[in-house]
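Beneath this line is the structure, given in structure tokens, with notes to follow.
The values are calculated or read from the model by the stated rules, or taken from the named source; none is laboratory data. The structure displayed is predicted, hence computed values, not measured ones. Virtual Cβ from ideal backbone geometry, glycine too; neighbours counted across all protein chains shown.
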Amino acid sequence: MLSTHKVEVVPVVLEPHPNADTLSIVRVWGYTCCVRTADWQHRAIGAYIPPDSVVPNRPEFAFLDGHWRIKARKFRGVMSQGLLHPAPESANIGDDVAEALGVTHYEPPEVYELRTGGETESPPFHTSKYDIDSGYRYGHLLTDGEEVVATEKIHGANATFCYHEGRMWAKSHREWKKPESGAIWWKVQEQHPYIAIWCEENPGLCLCGEVFGQVQDLKYGSKPGQLLFRAFDVMRLDGTFLDFDEFAEMVPVFYRCPLVYRGPYSIEKMREVCDGRSLVPGADNLREGVVVGPVKERWDARLGRVKVKFVSPAYLERSK
């Protein structure tokens, strides 16, 4: 499942900002974007650059003063998610103009990745990069009232583990790591033997989850040197995934990402449950957000696998 990161041309309809006469609000799908009213009074369309995009060092972005990564922030009390930029000439609504504007998707350096000497390997099977798009953009692909599960989005390092042809394999977000690399994707197995035991008992299935604790700045109550792991998916080697109830039956609850909500879907409900404190036992930090998908796996031609993330506004504000 690959992210469909785009910079799309969207219609621009100005709404008054409640606390600033010189600012307006533009709603783009489920996002809100604050703009200078004078800059947009005579523009009907714009290019929407979502959060976690990186813009190039070009004159048209000089006003960012070197802050090339686009983030969410508040303007006079209203959360602004992303950046609205004039659309290129001859562009039409729905066009993807990321390449024309030189905008790329932000890829965070993976923890310890630069310390392992690039010791990677290629497995005798293929699995794609695991990525999930924003529910603020694609949440409409879930149907109101459809039964969904929302699990806590944990702040750590993406991981995939598999037992195949008589040995364990471990993958970061992008790369399969050699056992001798010393990377956290192997160290976490030393602290949690359950990972290898589960994989050996289920050869040909990949256990997908998050390595966290002493990994990122949210520590989840971990002690120095302690790594934690929670699973959020089981993937077959053909790239398909188990339904949630199958996944929950195979993986004990204490090794799964905490379940925040199960029930009928609505955007409003997802906005509600993405906020709050972490449900990881022993944690004393805020929740990054939730990952939401239907109880029964399904695909959509516009997205691929129907699974999206809703990041908490409190987390976005905290990380500005």
Practice task
Sort out which residues of the stretch 66-87 are in contact with a strand residue (DSSP E or B) (Cβ under 7 Å, 6 or more places away or on another chain), outside any strand (DSSP E or B) and surrounded by fewer than 17 Cβ atoms within 10 Å (Cβ to Cβ), and write them in order of number.
Solution key: 68, 76, 86
Handout entry: Restricting the stretch 121-145 to residues that are within 24 Å of residue 8 (Cα to Cα) and modelled with pLDDT under 85, the residue that is surrounded by the most Cβ atoms within 10 Å (Cβ to Cβ)
Key = 130
Exercise for the section: Look at residue 148 and say whether it is modelled with pLDDT of 95 or more and touching a helix residue (DSSP H, G or I) at 6+ places or on another chain (Cβ under 6 Å). Expected result: no
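Looking for something under 26 Å from residue 139 (Cα atoms), among the hydrophobic types (A, V, I, L, M, F, W, C), surrounded by 13 or more Cβ atoms within 10 Å (Cβ to Cβ) and touching a residue at least 60 places away in the same chain (Cβ under 8 Å) - is there at least one such residue anywhere in the stretch 213-231?
For the stretch 213-231, residues under 26 Å from residue 139 (Cα atoms), among the hydrophobic types (A, V, I, L, M, F, W, C), surrounded by 13 or more Cβ atoms within 10 Å (Cβ to Cβ) and touching a residue at least 60 places away in the same chain (Cβ under 8 Å): absent.
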Problem - Among residues of the stretch 34-62, those that are under 25 Å from the mean Cα position of the chain (by Cα) and hydroxyl-bearing (Ser, Thr, Tyr), counted - result: 2
Problem - Residue within the stretch 213-233 that is in a strand (DSSP E or B), more than 29 Å from residue 292 (Cβ to Cβ) and among the aliphatic types (A, V, I, L, M) present - result: no
Practice task
Taking the options 253, 291, 311, 234, name whichever one is assigned by TED's automatic domain parsing to the domain that holds residue 123, loosely packed, with under 14 Cβ neighbours inside 10 Å and among the β-branched types (Val, Ile, Thr).
Solution key: 253
Fill in the blank from the handout: Within the stretch 152-204, restricting to residues that are among the aliphatic types (A, V, I, L, M) and surrounded by fewer than 21 Cβ atoms within 10 Å (Cβ to Cβ), the one that is farthest from the chain's Cα centre (by Cα) is 197
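Specify which of the listed residues (284, 238) is without any contact (Cβ under 8 Å) to a residue 12 or more places away in the chain and in a loop (DSSP other than H, G, I, E, B).
Exactly one residue qualifies, and that residue is 238.
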Handout entry: Enumeration of residues in the stretch 15-35 that are more than 17 Å from residue 97 (Cα to Cα), out of contact with any Asp or Glu (no Cβ under 8 Å at 6 or more places or on another chain) and part of a strand (DSSP E or B)
Key = 15, 16, 23, 31, 32, 33, 34, 35
Practice task
Output the strands (runs of 3 or more DSSP E) that fall wholly within the stretch 125-173 and possess 3 or more residues being of a type in the set (D, E, K, R), or say none.
Solution key: none
Practice task
Could you grab the pairs with beta carbons closer than 6 Å, sequence gap of 6+ or different chains, first residue in the stretch 50-62 and surrounded by 14 or more Cβ atoms within 10 Å (Cβ to Cβ), second one β-branched (Val, Ile, Thr)?
Solution key: 51/70; 53/70; 53/103; 54/104; 55/103; 61/55
Problem - Count of residues meeting criterion [at pLDDT below 95 and in contact with a helix residue (DSSP H, G or I) (Cβ under 6 Å, 6 or more places away or on another chain)] in the stretch 171-193 - result: 4
Exercise for the section: Could you check residue 90 against (1) at positive phi; (2) in contact with a His (Cβ under 7 Å, 6 or more places away or on another chain); (3) of a type in the set (S, T, N, Q) and say which number it fails? Expected result: (2)
Practice task
Confirm whether residue 38 is exposed (fewer than 15 other Cβ atoms within 10 Å of the Cβ), not assigned by TED's automatic domain parsing to the domain that holds residue 240 and not in a loop (DSSP other than H, G, I, E, B).
Solution key: yes
Practice task
Would you mind stating whether residue 12 is farther than 22 Å from residue 270 by Cβ, touching a residue at least 60 places away in the same chain (Cβ under 8 Å) and touching a helix residue (DSSP H, G or I) at 6+ places or on another chain (Cβ under 8 Å)?
Solution key: yes
Exercise for the section: Quickly run through the stretch 287-320 and pick out the residues that are of a type outside the set (S, T, N, Q), under 20 Å from residue 80 (Cβ atoms) and in a loop (DSSP other than H, G, I, E, B). Expected result: 288, 320
Exercise for the section: Check 271, 262 and return the single one that is among the charged types (D, E, K, R) and in a strand (DSSP E or B). Expected result: 262
